[in-house]
1. Among rounded, prolate and oblate, which fits segment 154-273 when a ≥ b ≥ c are the square roots of the eigenvalues of its C-alpha gyration tensor, a/c under 1.5 means rounded, and a/b larger than b/c means prolate?
2. Report the paramagnetic label zone for residue 172: residues of segment 124-164 whose backbone N is under 12 Å from a point 7 Å from Cα along the Cα-to-Cβ axis.
3. Which of the three applies to segment 106-164, rounded, prolate or oblate, going by the alpha-carbon gyration tensor with a ≥ b ≥ c and a/c under 1.5 meaning rounded?
4. Among 16, 195, 260, which residue has its Cα furthest toward the positive end of the charge dipole of the chain, with +1 on Lys/Arg Cβ and -1 on Asp/Glu Cβ?
5. Compute the Cα gyration tensor for segment 9-77, then decide on rounded, prolate or oblate, letting a ≥ b ≥ c be the square roots of its eigenvalues: rounded whenever a/c is under 1.5, prolate when a/b is larger than b/c in the other cases, and oblate in all that remain.
6. Can you compute log10 of I(q)/I(0) for segment 96-195 with the Debye formula, treating each Cα as one identical point scatterer, at q = 0.10, 0.17, 0.22, 0.24 Å⁻¹?
7. For the chain, evaluate the Debye formula with one uniform point scatterer on each Cα (no solvent term) and list log10 I(q)/I(0) at q = 0.11 Å⁻¹, rounded to two decimals.
8. If contacts are Cα pairs under 8 angstrom and at least 6 residues apart, what is the relative contact order of the chain in percent?
Amino acid sequence: MIESLIFLAPPIAACVLLAGMLSYFGNHIISRGIIFIDIAVAQIAALGTMIGLLLGFSVDSSTVQIISYVFTLIIISVFALTKFEKQTIPQEAIIGIIYCLGLGMALFFAEKIPGGSNFITKTITGNILWVTWKQVISFFIIFVIIGLLHIPLSKSFISISDSREKSPFSMRKVRLYELIFYITFGIVIVKAVPIGGIFLVFILLIAPSAIATLFANKWKNRFFLSWIIGIVGSMVGMFLSYNLNISNGPAIVCLLGIFAFILAFVKLFIQKKPKALKSN
C-alpha cells in the first residue's frame, strides 16, 4: 500500500494542479460558450511538437517546446483578436476550423515521422501515471505565475465571460483582456497536454465546471466545487486504472463523463420533485 502511494504521489499532485487550473479556465469557457477551444488549442500544440520532431529535435527538448508555444500563441492570439461586437462568423466555427486544420496537418506529418501514429495516440490518451516530479514542479510554477497574473484581473475576466451580448468595456479593452486570458490559457494547455493528454485535459476543463454550474451560481463556489469534483474524479479513475491495469486517461475520462450525466439527472429530478409535490 505504501509503495503504491509513493508511486502514485506525482500523479496525485498532477491531478490536483490540473483540476485546479483547468476548473478555473473551464468555468470561463462554459460561460462564454466556446466549449471546444481547449481541444483545438491542444491539437495545435501537438502540431507544433510534431513540426519540431520533423526538424530533428527530440520530443523532450526545449526547442520542441518553444515551437509548440509559438504555434499555440499565434493561433490563440488570432482567436482573441477576432472578437467583434457583432460576430458574422461564430467563434465556435473558427474553433472548429482551427481544430480540423491542426488535426489534418498532424495526420499528414505523422506519415513523415518514425512512430508518428504512436505519438498521436499518446498525445490523445496521455499517461498521467508516469508523470515525474520535474513535470509536476514545472506545472506548479506555471500555476502560481498565472494565478498571480489573473487575481487582479479576475473581475474584468468574469465581466467579459458573463456578458456574451453587450461588452462591458470598449472593444479595444476587451481585446486586450482577451489576449491576456487566451495567451495564459494556451500556455496552460501546452503544459497540461504532455501530462494528461488531449482527452483528459478536455474532460477536466469541461465536465467538473459543467457539474458545478448546475449546483452553484457564484463564481467562487463554482470554482471550488469544480476543483473538488476534478480532483475526486481523476484520483478515483487513476486508482481504478492502477489496480485494474487499464489505461488511466480513458478511465478518468469515462468516470467524469458518467458522473456528469448522473448529477445532471439528479439535478433534473430535484427540480421536478417539488413541482410534483405541489400539484398533489
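1. Details: a/c = 3.09, a/b = 1.40, b/c = 2.22.
Verdict is oblate for segment 154-273.
2. Label zone hits: none.
3. Numbers: a/c = 3.65, a/b = 1.76, b/c = 2.07.
It comes out oblate by the Cα gyration axes.
4. Comparing the listed Cα positions along the dipole, 260 ranks first.
5. Details: a/c = 3.14, a/b = 1.38, b/c = 2.28.
Since a/c reaches 1.5 but b/c is at least a/b, the shape of segment 9-77 is classed as oblate.
6. Taking Cα atoms of segment 96-195 as identical point scatterers yields -0.45, -0.96, -1.12, -1.19.
7. -0.65
8. On the way: 331 pairs, mean separation 83.2, N = 280.
This gives 30 percent for the chain.
Here, each number is a calculation from the coordinates, and none is a lab measurement. Source: prediction; values computed, not measured. Backbone-built Cβ (ideal geometry, glycine too); neighbour counts: all protein chains shown.
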